[in-house]
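**Q** I'd like to ask you about the structure that follows.
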Amino acid sequence: MRWCTTAGPQLRTIDERRFPGEAEAVADFVSAGFTWDEVTSFAQPVAASLADYHARLIGRPQSKFTYLTDEEVHQGLVRLEAEARSEALDKPRPVLERYDVAVFSRS
C-alpha cells in the first residue's frame, strides 16, 4: 500500500486549516440532533502507479497547490517524479487516498 503524499507535510497542514477536524464535524452534527455512531476509514486507489499519479498531477494540478509556493509545488513534483522513476516497471503499486466516513443516525 502507498498513500499519496505529493507535497508532504505542507499539504496536510493546509488541509487541517481548510477543513474542520473530526471533533468539530461530529460536534456540529450532534448539536443538530444526530447521534454519532462511528467513523469508518478506507483507502481507495487514485492512480495505478506513481508514474500515472505524477502524469495526472502535471496535467491536472490539485486546487490545494494554490496554497503552496511555485517552488514547493516544483520540489514536490520533482520528488514524485524521482520516486516514480525508481518504481519497478514490472511491479507498479497503486497510489491510495484515505477517506474517513462518519456515520450518524437520527436521535
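Each reported figure results from applying straightforward, stated rules to the coordinates on display, with no laboratory input. The model shown is predicted, which means the values in this text are computed figures rather than measured ones. Neighbour counts are summed over all protein chains in view; Cβ atoms, including those assigned to glycine, are modelled from backbone coordinates with ideal geometry.
**Q** To the nearest 20 Debye, how big is the dipole of the range 2-106 about its Cα centre, given +1 on the beta carbon of each Lys and Arg and -1 on that of each Asp and Glu?
**A** Working: 13 positive and 17 negative charges, 52 e Å.
The dipole magnitude comes to about 260 debye.
**Q** Name the residue farthest towards the positive end of the dipole of the range 2-106 from the options 54, 19, 32, assuming +1 on Cβ of Lys and Arg, -1 on Cβ of Asp and Glu, about the Cα centre.
**A** 54
**Q** Can you list the residues, at least 5 places off or on another chain, whose amide H is less than 5 Å from the amide H of residue 93, using H built in the peptide plane?
**A** Residues meeting the criterion, in which the H sits 1.01 Å from N, are 50.
**Q** Given (i) 42, 30, 21; (ii) 39, 27, 26; (iii) 52, 33, 20 as candidate values of Cα extents along the principal axes in Å, which corresponds to the one derived from the coordinates?
**A** (iii)
**Q** I've got another one for you. Sequence-distant or interchain residues sharing an amide H contact under 5 Å with residue 104, placed H: which?
**A** Amide H to amide H, under 5 Å and 5 or more residues apart or across chains, residue 104 pairs with 37.
**Q** Using the charge dipole of the chain (Lys, Arg: +1 at Cβ; Asp, Glu: -1 at Cβ; taken about the Cα centre), state which of 43, 10, 105 has its Cα farthest towards the positive end.
**A** Of the listed residues, the answer is 43.
**Q** Next question. Going 7 Å from the Cα of residue 29 in the Cα-to-Cβ direction, what parts of the range 80-107 have a backbone nitrogen less than 12 Å from that spot?
**A** 100-107
**Q** Follow-up. Read phi for every residue in the range 15-31 and hand back ³J(HN,Hα) as whole Hz from Karplus 6.51 cos²θ - 1.76 cosθ + 1.60, θ = phi - 60°, with x for Gly and Pro.
**A** 4, 5, 7, 7, 10, x, x, 4, 4, 5, 5, 4, 4, 4, 5, 5, 5
**Q** Moving on to the next point. From the backbone phi of the range 37-50, what are the Karplus-calculated ³J(HN,Hα) couplings (6.51 cos²θ - 1.76 cosθ + 1.60, θ = phi - 60°) in whole Hz, Gly and Pro given as x?
**A** Residue by residue, the range 37-50 yields 9, 5, 10, 10, 10, 8, 10, 9, x, 10, 7, 6, 7, 5 Hz.
**Q** Looking only at the range 14-43, which residues have a backbone nitrogen under 20 Å from a spot 7 Å from the Cα of residue 104 in the C-beta direction?
**A** 18-42
**Q** Note down the nm distance, to one decimal, between modelled labels 7 Å out along Cα→Cβ at residue 60 and at residue 40.
**A** That separation, rounded to one decimal, is 2.6 nm.
**Q** Once phi is turned into θ = phi - 60°, what whole-Hz ³J(HN,Hα) does the Karplus curve with 6.51, -1.76 and 1.60 give for every residue of the range 57-66, x standing for Gly and Pro?
**A** Once rounded to whole Hz, the list reads 5, 5, x, 9, x, 6, 4, 5, 4, 5.
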